[in-house]
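One structure below.
The values are calculated or read from the model by the stated rules, or taken from the named source; none is laboratory data. As the structure is a prediction and not an experimental result, all values here were calculated from the model. Reconstructed Cβ throughout: ideal geometry from the backbone, glycine too, with neighbour counts over all protein chains shown.
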Amino acid sequence: MPYVVTQSCCADASCVQACPVNCIHPAPGEPGFGTAEMLYVDAKSCVDCGACATACPVEAIKPHTTLTPAEQPFLALNAAYYDCFPHADRHPLAIIEKQRRLQVPGPFRVAVIGAGPAGLYTADELLKHPEIEGVDVYDRLPTPYGLVRYGVAPDHGHTKQVEQLFRAVEELPGFRYFLGVEVGRDVTLADLREQYHAVVYATGAASDRRLGVPGEQLPGSLSATELVAWYNGHPDRADLPVPLEHERAVVIGNGNVALDVARILTADLTALERTDMSALAWAALQRSSIREVVVLGRRGPADAAFTLPELVGLAALEDVDVVVDADPASLAPGAPGDGAKLELLREIASRTPVEGRRRLVLRFHTSPVAVLGEDAVTGLRVVRDGVEEDLDCGLVLRAIGYRGLPVADLPYDEATGTVPNDAGRVETGLYVAGWVKRGPSGFIGTNKTCAQETVTAILDDLDAGRPGLPAPVGTADTIATVVAERAPEVIDLAGWRRLDAEERRRGAARGRPRAKVVELAEMRRLARAGEATGPGRPGRAGRGGGAAAAVRRYASVREIIRGSDRRR
Ligand code: NAP
């Protein structure tokens, strides 16, 4: 098999577009796309051209000859997909859809709120259309990339490579950042609707779900989202008190976030030292007494929400014993839901633990009843098969899912924690993308298809002439003036580049990809150091505009990505 998709697959399907022989599936529009745990290369059709590997933003696709021992299982995993889904009816060549042209010439301006993956994929999709004069991306933080910077586990460096793609989006003519500007505080939705033809919220899911058990509020009972933000150096959580004195921590929930936090709490600190994790968190973890992390799934192994690629990665860890604590009947061959995940869990369960290593225990059919302790967490009461048991621990992490909070001026669905929408449209002129639109599920690349859907709704409305809505006032320059008046500390792309360069410089000195700055004031200072002008937008017309610019733009995106490949 020439090329193989591996663990860090983000499912944005750039590889599908790049493949000249349509050998990567499920493709957008096919059954399973959007819900599959990853994409797969069909060995029988692959012509070994490498186009997919070049297009992949997270370095997930590799020639089979370069797979590490830990990646070898992905060879069988890619092949197994085609045993189940031969795709006999597929087209021999990938079909690239014709670029849509608007009936009305524009120019149009769009505001995107949120500079995470959903916001930046949306900006990218919008700027493919020459009728869109400019896209301004707002974020309340001085830094972009959202969950890629503050949510992806630091030991998943490949996943963070998607930043290369975002850097290319930032270079697109018409793209502009207003970072450190909070919509709802510094500027209102009404302000934005006055200035832009369309406003897109891509603000994610900022909170987490609650267990609703007694003791949940005790110090030492935290959400995994808080811990993730802590070890990733999020300015709001950089000094989170995390009790690490007890030998055991318990993680509630069976998703990929649960595996992320369990892995980081049991990880080899020398390996983590070479990542971009928060220096404060690294120092705290170095003093940690944790020897065992128990991950609780309320259902059985076959129903675990973590994905097979992540389990493959976990199973390959060399510095920690992964232990499967499950009813043997639920793991037995032929058990309901038997498949590759169960097969791997069986193999892990058959391993002999190595004395003295940290343990990561996957325990199933176990639910929390109460967090125990007077002033702080001392344990967790759980129930399995009707039998209660107390687990001693000093840290309880609920990893039971993110949850979107109500957004000022937007409708809110309490049940789903999302903004009610129709394919991204809240109403004409107002849209959503990402987790605020569809809830907290999927991978980083899932946001690409999600953004395409929202952008289609925007283009439909622009083509229909925004009936009933007044034309926006102002120009790109007047918008910048309004923002600068309301939020004088606004940071533009050049400012972010300065901060980014300084973080990389500080990191390089210590053999790390970057040393994150965690104080907001310091971020702003570094972003402003040596500043020449206020926020500006590289004009589209100035660079040639229209189709020619579009061609050059995409050529340059590919060049940037290829250039970064060559450097690595
Ligand atoms: P998730 O995948 O939705 O998993 C939530 C887990 O919490 C499920 O196991 C669920 O069990 C459990 N749960 C919910 N309520 C519970 C309760 N009251 N008591 C006990 N358990 C409860 O959420 P997530 O892990 O936060 O991940 C969010 C999204 O990000 C997912 O799409 C995930 O794949 C993605 N992600 C991907 C990566 C990666 O690719 N490396 C890393 C992190 C996150 P039930 O199934 O029984 O409801």
### Query
Is it fair to say P86 is surrounded by fewer than 21 Cβ atoms within 10 Å (Cβ to Cβ), touching a residue at least 24 places away in the same chain (Cβ under 8 Å) and over 18 Å from the mean Cα position of the chain (by Cα)?
no
### Query
With L372, L345, L395 as the choices, which residue is modelled with pLDDT of 90 or more, more than 16 Å from the ligand (Cβ to nearest atom) and under 21 Å from L317 (Cβ atoms)?
L395
## Note on the structure
Counted residues in segment 124-146 being under 23 Å from P235 (Cβ atoms) and buried (at least 23 other Cβ atoms within 10 Å of the Cβ) come to 9
## Note on the structure
By residue number, the members of segment 367-378 that are surrounded by fewer than 23 Cβ atoms within 10 Å (Cβ to Cβ) and more than 14 Å from R248 (Cβ to Cβ) are S367, V369, A370, E374, D375, A376
### Query
Restricting the first residue to segment 415-429 and requiring it to be small (G, A, S), which pairs with a second residue that is surrounded by fewer than 20 Cβ atoms within 10 Å (Cβ to Cβ) and assigned to a strand (DSSP E or B) meet a Cβ separation below 7 Å and a spacing of at least six or different chains?
G417/R403
## Note on the structure
Within segment 273-299, the residues that are in contact with a strand residue (DSSP E or B) (Cβ under 7 Å, 6 or more places away or on another chain), more than 16 Å from the ligand (Cβ to nearest atom) and not in a loop (DSSP other than H, G, I, E, B) are E292
### Inter-residue pairs, beta-carbon under 6 Å, first without any contact (Cβ under 8 Å) to a residue 60 or more places away in the chain and in segment 211-227, second surrounded by fewer than 23 Cβ atoms within 10 Å (Cβ to Cβ) and of a type in the set (D, E, K, R), 6+ apart
E226/R237
#### Entry: Unique match (being closer than 26 Å to P420 by Cβ and touching a residue at least 12 places away in the same chain (Cβ under 8 Å)) among L240, L172, L147, L165
L147
### Task
Could you check L120 against (1) among the hydrophobic types (A, V, I, L, M, F, W, C); (2) assigned to a loop (DSSP other than H, G, I, E, B); (3) surrounded by 24 or more Cβ atoms within 10 Å (Cβ to Cβ) and say which number it fails?
(2)
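Test D409 against the criterion of being farther than 16 Å from E292 by Cα, within 16 Å of the ligand (Cβ to nearest atom), of a type in the set (D, E, K, R) and modelled with pLDDT under 95, and give yes or no.
On the way: farther than 16 Å from E292 by Cα: yes; within 16 Å of the ligand (Cβ to nearest atom): no; of a type in the set (D, E, K, R): yes; modelled with pLDDT under 95: yes.
Criteria not met by D409.
Assess whether L75 counts as being within 16 Å of the ligand (Cβ to nearest atom), touching a residue at least 12 places away in the same chain (Cβ under 8 Å) and in a helix (DSSP H, G or I).
No; evaluated as a whole, the condition is false for this residue.
Under 30 Å from R466 (Cα atoms), at pLDDT 85 or above, touching a strand residue (DSSP E or B) at 6+ places or on another chain (Cβ under 7 Å) and crowded, with 16+ Cβ neighbours inside 10 Å: does that describe F74?
So F74 does not fit the description; no.
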## Note on the structure
segment 436-535: helices (runs of 4 or more DSSP H) wholly inside it with 2 or more residues that are surrounded by 15 or more Cβ atoms within 10 Å (Cβ to Cβ) and within 16 Å of the ligand (Cβ to nearest atom) are 446-464
### Query
Can you name every residue in segment 100-158 that is out of contact with any Ser or Thr (no Cβ under 9 Å at 6 or more places or on another chain), more than 19 Å from D12 (Cβ to Cβ) and among the hydroxyl-bearing types (S, T, Y)?
Y138, T143
